[in-house]
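Reading through the structure tokens given below for one structure.
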Amino acid sequence: MVDTTVENERMQHLFMVLQKKMQSELEGSKIILEHPTSLGDNCELKWIDWLRKYLPERYRIDKAFIIDSKGNLSDQIDVVVYDRQYTPFIFNDGGAIYIPAESVYAVFEVKQTINKEYLEYAGKKAESVRNLYRTSASIIHAGGKFEPVVPKHIIAGILAYDCEWVNGLNDTFIKNLKTLQNNQLLNMGCALTVGTFYINSDNNKLQISNANESLIYFFLKLFKELQRVGTVPAMDINEYGKFLSYFL
């Protein structure tokens, strides 16, 4: 018989090791890198590397701009979780990456801390992506054809080392989070040393983890939401072709 108590303790230990390692790396960057831009870039890379390591390979993760078939462009997004199977056009111009809107699963802003200003900033970044136009095309398969689907909700959030509010992710935080509505809504976020917040898409209720489980809680909830989205819609190549031909 399997000892579930031992298994649970082993899993908890592994999760704690991952969290402490990430926390140590971000804390080290904060101490060593004094220039705000260098610190910000370094933290973004650490979050990107971590997600690349633990999310399934079907998901790509980069810092990028998002474009649509009408020529609209989002703000630059610190962390983009996106697909390559049904959206082949990824442009890389001198290190600046441009990703078609159809391919985006999730977007995150990375900051050292969570506060009112950065929540609003992350909400505006999310809005700049969600406002883009997304095409949808049919997919041919062995048994016939899948009709175009309605693009799913793009997940959005914020990732940080800590939180500025004395009471953590509680009353003041919740009050400010609730001001973000419609396309500025943040579905989740992680303040590594404080906790993770998550708005359950099943019942729209806000859930907040404890500090010790913030990283793995964030990961599991993100993965749950990615599973819910399933697969992004196939982009309509003709729509992008029309856009490009405009410049010929």
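Coordinate-derived values only; no laboratory data. Computed from a predicted model, the values in this text were never measured in an experiment. Cβ atoms come from the backbone with ideal geometry, glycine included; neighbour counts cover every protein chain shown.
Computed values, structure above
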{"item": "Computed [θ] at 222 nm, deg cm²/dmol, the chain (DSSP H ≥ 4; -39,500 (n - 2.57); rounded to nearest 500)", "result": "-12500 deg cm²/dmol"}
{"item": "Karplus (6.51, -1.76, 1.60) ³J(HN,Hα), θ = phi - 60°, over the range 173-187, in Hz, Gly and Pro reported as x", "result": "4, 4, 4, 6, 4, 5, 6, 8, 10, 6, 6, 9, 4, 9, 6"}
{"item": "Beta bridge orientation in the chain: antiparallel %, DSSP, nearest 5", "result": "65 percent"}
{"item": "Extension gain from GLN227 to ILE174, taking 0.36 nm per residue of separation minus the Cα-Cα distance", "result": "16.5 nm"}
{"item": "Residues with amide H under 5 Å from that of ILE158, placed H, sequence gap 5 or more", "result": "GLU109, MET188, GLY189, CYS190"}
{"item": "Per-residue HN-Hα couplings for the range 82-87 [Karplus 6.51, -1.76, 1.60; θ = phi - 60°; Hz; x = Gly/Pro]", "result": "9, 10, 10, 5, 10, 9"}
{"item": "Computed lengthening from GLU57 to LYS145, 0.36 nm per intervening residue step minus Cα-Cα distance", "result": "29.1 nm"}
{"item": "Angle in degrees between helix 116-130 and the longest Cα principal axis of the chain, rounded to the nearest 10", "result": "20 degrees"}
{"item": "For q = 0.15, 0.16, 0.17 Å⁻¹, Debye-computed log10 I/I(0) when each Cα of the range 143-248 counts as one equal scatterer", "result": "-0.72, -0.77, -0.83"}
{"item": "Tilt relative to the chain, helix 214-229 - C-alpha long axis, 0 to 90 degrees, to 10", "result": "20 degrees"}
{"item": "Sequence of LEU169, LEU220 once ranked by neighbouring C-beta atoms within 10 Å, starting from the fewest", "result": "LEU220, LEU169"}
{"item": "Calculated diffusion of the range 108-179, Stokes-Einstein form, Kirkwood radius summed over Cα pairs, 20 °C and 1.002 mPa s, µm²/s", "result": "144 µm²/s"}
{"item": "Helix axis angle, 36-54 relative to the chain longest principal axis, alpha carbon, degrees", "result": "80 degrees"}
{"item": "Dmax and Rg, reported as Rg then Dmax, of the chain (C-alpha, Å)", "result": "19.2, 69"}
{"item": "Nonlocal amide H pairs with ILE97, under 5 Å, H built at 1.01 Å", "result": "PHE65"}
